[in-house]
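The values are calculated or read from the model by the stated rules, or taken from the named source; none is laboratory data. These numbers were taken from a predicted model, which means no experiment stands behind them. Neighbour counts run over all protein chains shown; Cβ positions are idealised from the backbone, glycine included. To get the accessible areas, we keep the full protein, side chains included, count just its heavy atoms, and leave off ligands, DNA and RNA. Shrake-Rupley method; radii C 1.70, N 1.55, O 1.52, S 1.80 Å.
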Amino acid sequence: MNEQKHIREEMEKTLESLNGIQRAAANPYLFTRIEARLEKEERSFWSRALTFISRPSVAVPAIVLTILINTAIFFEFKSEKVQTPQDEEQVFASEYNLSDNTIYESTIEPE
Amino acid sequence: MDEQFLIEKLRQGDEAAFREIVETWKNLVYNTALGILQSAEDAEDVTQEVFVQVFESIKTFKAESKLSTWLYRITVSKALDHLRRKKRKKRFAFIQSLFGAGGETVIEKPDFNHPGIVLDNKERAAILFKAIDRLPENQKIAFTLHKVEGLSYQEISDVMKTSVSSVESLMHRAKNNLKKLLHDHYQNKD
């Protein structure tokens, strides 16, 4: 019984031990250190750029955009009519007026 | 200098304004970080990080709340990030030690003595800080801001972006948990 009372008293005293606490003082040279840190960060531009790119809010939309562009390009090419070698021959023939297969027959008049 | 004027000057990149902000609020930031992290070295590191962020993101500060409230928010967030990083490292080192890899040895955290505690209370305060360190994050933040920084429940609710009744509830649970932890401590001691 007495032991429990003693424990309770100790607990209460300990809980009150932060009463009247004073604010701890920061390093007097803090500003100089912060300045040095800012300069160092400025120098490492590329590391900041990487940090920016790796942010989920930047990286995720960038990946989605890349996927969308790729998908759009894929379907665009797929829907275009694919020219067969035969088509190419016909284009070539019409360009050089070679579409007439019986060229000799058409120029030589039958007697 | 007026707070709003200082913010405007800093937005324009004025170094003197930045120095003034650092000098005015450095103890507030350091003491808060020290209360949460319970390590002078880590608190100094976080204090620097806080002011670097202030310098870099002052343009996004909308001045809807006081500058001190904004500083408290950044400090709490940075301090919690720091704690999580440390815990991750500690866990990793522990796993490494299990597999016999040459990881860092896990060292038990030494007792923390806050420099602002009166000499008579040093020993008791160290026991209390050890117990605070075992509280869940939200309870730890509310209790530290109230007891170490002397903030009212209203101010804590502004910092934590929650209602006053939530802060009251957090404080109530924090005190109950601390009582249990202290009870165990003194029972095992005797």
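If you take every residue apart from B:Leu6 with its C-beta less than 13 Å away from the C-beta of B:Leu6, what net charge results, scoring Lys and Arg +1 and Asp and Glu -1? Please report the intermediate quantities before stating the final value.
Numbers: positive: B:Lys9, B:Arg11, B:Arg19, B:Lys66; negative: B:Asp2, B:Glu3, B:Glu8, B:Asp14, B:Glu15, B:Glu20, B:Glu23.
So the environment of B:Leu6 carries a net charge of -3.
Taking a ≥ b ≥ c as the square roots of the eigenvalues of the alpha carbon gyration tensor, region A:1-69 is oblate, as a/c is not under 1.5 and a/b does not beat b/c. The largest accessible area among B:Arg84, A:Arg55, A:Arg43 belongs to the first residue in A:Arg43, A:Arg55, B:Arg84, and the rest follow in falling order (1.4 Å probe, all chains).
With the contact rule set at Cα under 8 Å and sequence spacing of 6 or more, what percent relative contact order holds for region B:17-72? RCO, region B:17-72: 36 percent.
Calculate the dipole size of chain B relative to its Cα centre from +1 charges on Lys and Arg beta carbons and -1 charges on Asp and Glu beta carbons; express the result in debye to the nearest 20. Before the final figure, lay out each step's value.
Values: 30 positive and 28 negative charges, 194 e Å.
Here the size comes out at about 940 debye.
Contact order, relative form, for chain B: 19 percent (alpha carbon pairs under 8 Å, 6 or more residues apart, mean separation divided by residue count). Only protein heavy atoms count here, probed at 1.4 Å, and on that basis chains B and A bury about 3400 Å² of accessible area in total. For region B:70-180, a crude dipole built from +1 on the beta carbon of Lys and Arg and -1 on the beta carbon of Asp and Glu, taken about the Cα centre, is about 460 debye to the nearest 20. Candidates B:Asn138, B:Ala33, B:Ser97 compared by Cα position along the dipole of chain B: farthest toward the positive end lies B:Ser97, with charges placed on Cβ.
Solvent-accessible surface of protein heavy atoms, probed at 1.4 angstrom with all chains present, puts A:Phe75, A:Phe31 in the order A:Phe75, A:Phe31, largest first.
Rounded to the nearest 500, what is the 222 nm mean residue ellipticity of chain B from helices alone, with -39500 (n - 2.57) per DSSP H run of 4+ residues and division by all residues? Kindly include the intermediate steps, with their values, before the conclusion.
Working: 8 runs with 138 residues, N = 190.
Dividing the helical sum by the residues of chain B leaves -24500 deg cm²/dmol.
How many percent of the alpha carbon pairs in the protein assembly as shown exceed a separation of 28 Å? Above the 28 Å cut-off, the protein assembly as shown has 59 percent of its Cα pairs.
For a test of the definition: using alpha carbon positions, the gyration tensor, and the 1.5 limit on a/c, classify region B:39-190 as rounded, prolate or oblate. Verdict is oblate for region B:39-190.
Summing +1 for each Lys or Arg and -1 for each Asp or Glu, what net charge is found among the other residues whose Cβ lies under 12 Å from the Cβ of A:Ala26?
Numbers: positive: A:Arg23, A:Arg33, B:Lys26; negative: B:Glu23, B:Glu44, B:Asp45.
After counting each charged neighbour, the total is 0.
Let's see if you can work this out: charge +1 on each Lys and Arg Cβ, -1 on each Asp and Glu Cβ, no other charges. What is the dipole magnitude of the protein assembly as shown about its Cα centre, in debye to the nearest 20? It would help to have the intermediate numbers written out before the result.
On the way: 42 positive and 47 negative charges, 565 e Å.
Here the protein assembly as shown has a charge dipole of around 2720 debye.
The mean count of C-beta atoms from other chains within 10 Å of the C-beta of residues in B:24-30, rounded to a whole number, is 3. Projecting the Cα atoms of B:Val22, B:Ala63, B:Thr75 onto the charge dipole of region B:1-144, computed from C-beta unit charges around the Cα centre, puts B:Thr75 farthest toward the positive end. Among A:60-67, B:67-74, the peptide with the highest mean count of other Cβ atoms within 10 Å heads the list, and the full ranking is B:67-74, A:60-67.
So, in region B:30-106, how many Lys pairs have Cα atoms under 20 Å apart, if the pair is 8 or more places apart or on different chains?
Working: B:Lys59/B:Lys78; B:Lys62/B:Lys78; B:Lys66/B:Lys78; B:Lys78/B:Lys86; B:Lys78/B:Lys87; B:Lys78/B:Lys89; B:Lys78/B:Lys90.
Count of close lysine pairs: 7.
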